[in-house]
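Have a look at the structure below, then the notes.
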Amino acid sequence: MNANTPITHTQAETGLIARYDSARAGFAGTDAVIALRDAAAEQLRRKGLPHRRVEEYKYTDLRAFMKSSARLSAAASADEARAVLEASDGFGDLGRYRIVIANGRFVEALSDVAALAGEGVTVTDFTEALGGDNGAALLAIPASAEGDGTLALNTAFVQGGVMLSVREGAEVSKPVELLHVVAGEGAQVTRCRIAVAPGAKLKLLETFAGNTSSGETNAVFDYDIADSAELTVTRLIDGDGEGARLFTTLARLGSEARFHTLGFIAGPSFVRNQQFVAFAGENSEARLFGVTMARDKALADQTLIVDHAVPNCSSREFFKTVLDDEARGVYQGRINVAPHAQKTDGEMMTQALLLSEGPEMANKPELEIFADDVLCAHGATSGQIDEDLLFYLRARGIPEDEAKTLLVLAFLSEAIEEFGEDDVTGMLEERVRAWLAARS
Amino acid sequence: MLEIKNLHARIAEDGKEILRGVNLTVNAGEVHAIMGPNGSGKSTLSYILAGKDDYEITEGEILFNGENLLELGPDERAAAGVFLAFQYPIEIPGVATMEFLKTAMNAQRRARGETEMTIPAFMKAVKEKAADLKVSMDMLKRPLNVGFSGGEKKRAEILQMSLLEPKLCVLDETDSGLDIDALRIVSEGVNKLRSPERSMIVITHYQRLLDHIVPDVVHVMSRGRIVKTGGADLALELEKSGYADYVEDAAA
């Protein structure tokens, strides 16, 4: 068979390609942006959606999962978005600034733009920026993510998002919530670019509300963390959505920079949270945490590649997964250490707890080390609730369900507590409790 | 309080018979010691009382205040007033000791139809009882039993027991791993709980513990049965002569 022979497209692929062709004329961006979109669409046409024969998607077969493709969501009015917003409030009364992206587009009327300006944060509409001189540069992807099917879909279809620039040295006093909302039906394809200038500090909360429609979510977050800057991200992926939920982090760290993130997954049928983290300067630190819960026939995938391209950086990856029913969990973590990246300190751990006989966990930690003076370790465990622990708690009068809740919470809390953002700890633990309480 | 009648039990997994007809009656207010060699079934008896499901009861019954104990789950037994002080208290990472104590206490109160304890009342009770047992506040802030020394674990067990105020305390080799001072502290804690309404079963290999917790009745257990019953002086006699006689008697 000739390598150029087109593949037989699935119904979803045919739909996506037709949608691209018909919507192309209306897409945002300069000619260079459109050229990038065309190339991404061409990748989709040629290779199809990522599937199990693509190594990175071996356990997360998007092609098999997507039976059809939803149309792109139409722009929502501020009122429509506000209604969805008010119906769901992920972080309760936590003091924070809010930026709203509804149906894939930045909604300035619902966002705290002026207050953020006062804190040294500039907020720009990504859709508009794609039409600017730098438009094409905004869609750049790192070498480690080259060819990724999820990113290609995003590049082809991206509707909008925001760009946040934190001024040099600014320490934003409250967390900023980047809230994605879907009002009505349809897919949302967004890109947010966050630039934290030297010495600045920012905490982000990423939430996805009203996200129960069958449409897909494809959200890319591109973080540029300059020298001595700090970025903390809590990504909350919940709700009971049926469509694929695809999230990509692209992070670059300068020197003495800190990137600190927790990806929290509970609920949707199909989630991939993938992160590409690259160290570009020395003495920097990335700490990546994951808390995943899945039940029924859901699939939840936490995938990451950390590139130690320079010496003297440290990374910590700590992922916890709880599965029930027929759910499937995936952890793929790769730490690359370049030949000259001496004194790299990498420590990766993934642990899964299976609450019944049905679920499956694929744990795939990988180290690729080309330097000789490094400290790297990885570990993976999968197991069930320890009967001895359960008996001890019950022998003290704690009923079985409550005892299991305590043990699962204890298991997941290890990651939540090491992440250590006290602002959100209580709220996250509440969510774990709520998830467990819904156990049938 | 407790009536064990002709209890036969085997390990569920491999069918190995451990208890071969245990008869034991413990009245309210009494402290019974059960002594005996390794493998005689003492710990198994304690686990069966607490409701561990690794065992299969093939014959006999256990009545607790007239109620069939074997029909209750471990948490229901605890709420009814049965407390097992574990020989090897379990470490539970991620569960803070304080949180655990409050959860256990309130779960039992709920099960008995009582109101939950207020946080100030709970804190006060914990502080008082912890001080008696020389359990530091620092220990209570740590995850349950994690990083506790052997002695600390046993003291924490007795703290739980004194907070939960059970009707029947079963102490499984509470003396193992304790130095002289810890043994004294733990024994004082146990003695404080002695009352006409509360019964205790103290399982031990050694007479030493019984110098501190003086029993009303001493039983010797061997090969799954109680083979001799006497007063506190029986323990002294055993200390001198060992278990050899009983092991042979039972084998005969």
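When a/c reaches 1.5 or more, the comparison of a/b and b/c decides; with that in mind, is region A:63-187 rounded, prolate or oblate per its Cα gyration tensor?
Values: a/c = 1.84, a/b = 1.19, b/c = 1.54.
Oblate shape, in that a/c is at least 1.5 and b/c is the bigger or equal ratio.
With both bridge residues required to lie in the protein assembly as shown, what share of the DSSP beta bridges run antiparallel, to the nearest 5%? The partial results should precede the final answer.
On the way: 33 of 181 bridges.
Antiparallel bridges make up about 20 percent of those DSSP assigns within the protein assembly as shown.
Measure off 7 Å from each Cα along the Cα-to-Cβ vector at A:Gln342 and B:Glu239, then give the distance between these two points in nanometres to one decimal.
Distance between the two pseudo-spin positions: 6.7 nm.
Would you mind checking which residues have amide H under 5 Å from A:Val172's amide H? H placed 1.01 Å from N; only 5 or more apart, or other chain.
Distant-sequence amide H within range of A:Val172: A:Lys201.
Taking a ≥ b ≥ c as the square roots of the eigenvalues of the Cα gyration tensor of chain A, is the shape rounded (a/c under 1.5), prolate (a/b larger than b/c) or oblate? Intermediate results must be reported in sequence, preceding the final value.
Details: a/c = 1.27, a/b = 1.21, b/c = 1.05.
Rounded is the answer for chain A, as its axis ratio a/c remains below 1.5.
As a quick test, which of the pairs B:Lys124/B:Lys192; A:Lys174/A:Lys404; B:Lys167/B:Lys240 have an alpha carbon distance above 25 angstrom in this structure? Kindly include the intermediate steps, with their values, before the conclusion.
On the way: B:Lys124/B:Lys192 18 Å; A:Lys174/A:Lys404 35 Å; B:Lys167/B:Lys240 33 Å.
With Cα atoms farther than 25 Å apart: A:Lys174/A:Lys404; B:Lys167/B:Lys240.
So in region B:2-251, what percent of DSSP beta bridges are antiparallel if you round to the nearest 5?
Numbers: 25 of 42 bridges.
Beta bridges within region B:2-251, antiparallel portion: roughly 60 percent.
Per-residue HN-Hα couplings for region B:85-100, Karplus 6.51 cos²θ - 1.76 cosθ + 1.60 at θ = phi - 60°, whole Hz, x for Gly and Pro?
Ordered by residue, 3J(HN,Hα) equals 8, 5, 5, 10, x, 7, 7, 10, x, x, 10, 5, 4, 4, 4, 4 Hz.
Less than 13 Å apart at the alpha-carbon level, and either on another chain or at least 8 residues along: which aspartates and glutamates does that give for A:Lys343?
Answer for A:Lys343, where 13 Å is the Cα cut-off: A:Glu282, A:Glu285, A:Asp372, A:Asp373, listed by chain and number.
Going by C-beta contacts inside 10 Å, put A:Thr14, A:Thr8 in order with the fewest on the left. Let's see the in-between values first.
Numbers: A:Thr14 13, A:Thr8 8.
Least crowded to most crowded, the residues run A:Thr8, A:Thr14.
Determine the shielding of peptide A:381-392 by partner chains: average, over its residues, the number of Cβ atoms on other chains within 10 angstrom of each Cβ. Can you show the working numbers first?
Values: counts 0, 0, 0, 0, 0, 2, 3, 7, 6, 3, 11, 13.
Across the residues of A:381-392, the mean count of other-chain Cβ atoms within 10 Å is 4.
Can you work out ³J(HN,Hα) from phi for every residue in region A:329-345, in order, using Karplus 6.51 cos²θ - 1.76 cosθ + 1.60 and θ = phi - 60°, giving whole Hz and x for Gly and Pro?
x, 10, 10, 10, x, 10, 10, 9, 10, 5, x, 9, 7, 5, 6, 5, 10
In peptide B:48-55, what is the residue-averaged number of other protein chain Cβ atoms found within 10 Å of each Cβ? If you can, show how the numbers build up before the last one.
On the way: counts 0, 1, 5, 3, 6, 3, 3, 0.
Across B:48-55, the average partner-chain Cβ count within 10 Å equals 3.
Where Lys and Arg each count +1 and Asp and Glu each count -1, what net charge lies around A:Lys297 among other residues with Cβ under 12 Å from its Cβ?
Values: positive: A:Arg295, A:Arg328; negative: A:Glu242, A:Asp296, A:Asp324, A:Asp325, A:Glu326, A:Glu360.
Taking every Cβ under 12 Å from that of A:Lys297, the sum is -4.
Report, ordered by chain and residue number, the aspartates and glutamates lying within cross-link reach of A:Lys67, taken as a straight Cα distance under 13 Å and ignoring same-chain residues fewer than 8 apart.
The qualifying aspartates and glutamates are A:Glu13, A:Glu216, A:Glu242.
Quick check: residue separation of A:Ser88 and A:Ala23 times 0.36 nm, minus the Cα distance between them. What number comes out in nm? Could the numbers behind the result be given before it?
Working: separation 65, 0.36 × 65 = 23.40 nm, distance 3.09 nm.
Length gained between A:Ser88 and A:Ala23: 20.3 nm.
Report the dimensions of region B:2-251 along its three principal axes from the alpha-carbon atoms, largest first, rounded to Å.
55, 39, 36
Taking a 18 Å limit on the Cα-Cα distance, which of the listed pairs B:Lys42/B:Lys134; B:Lys102/B:Lys141; B:Lys102/B:Lys127 fall beyond it?
Values: B:Lys42/B:Lys134 29 Å; B:Lys102/B:Lys141 13 Å; B:Lys102/B:Lys127 13 Å.
In this structure, B:Lys42/B:Lys134 lie more than 18 Å apart at Cα.
Give the long-range amide H neighbours of A:Ala380: residues separated by 5 or more places, or on another chain, with amide H under 5 Å away, using H modelled in the peptide plane at 1.01 Å from N.
A:Thr350
Using only the Cα atoms of region A:1-139, construct the convex hull and provide its projected area averaged over every direction, in square nanometres to one decimal.
Details: hull surface 47.9 nm².
The number I arrive at for region A:1-139 is 12.0 nm².
Can you tell me how region B:87-208 classifies by the Cα gyration tensor, rounded, prolate or oblate, using a/c under 1.5 as the rounded cut? Kindly include the intermediate steps, with their values, before the conclusion.
Working: a/c = 1.75, a/b = 1.24, b/c = 1.42.
Oblate, since a/c reaches 1.5 and b/c is not below a/b.
Any read-out appearing in this document is the output of simple, stated calculations on the displayed coordinates, not a laboratory observation. Quantities reported herein were computed from a predicted structural model and do not represent experimental measurements. Every residue, glycine among them, receives a Cβ derived from its backbone with ideal geometry; neighbour counts consider all protein chains shown.
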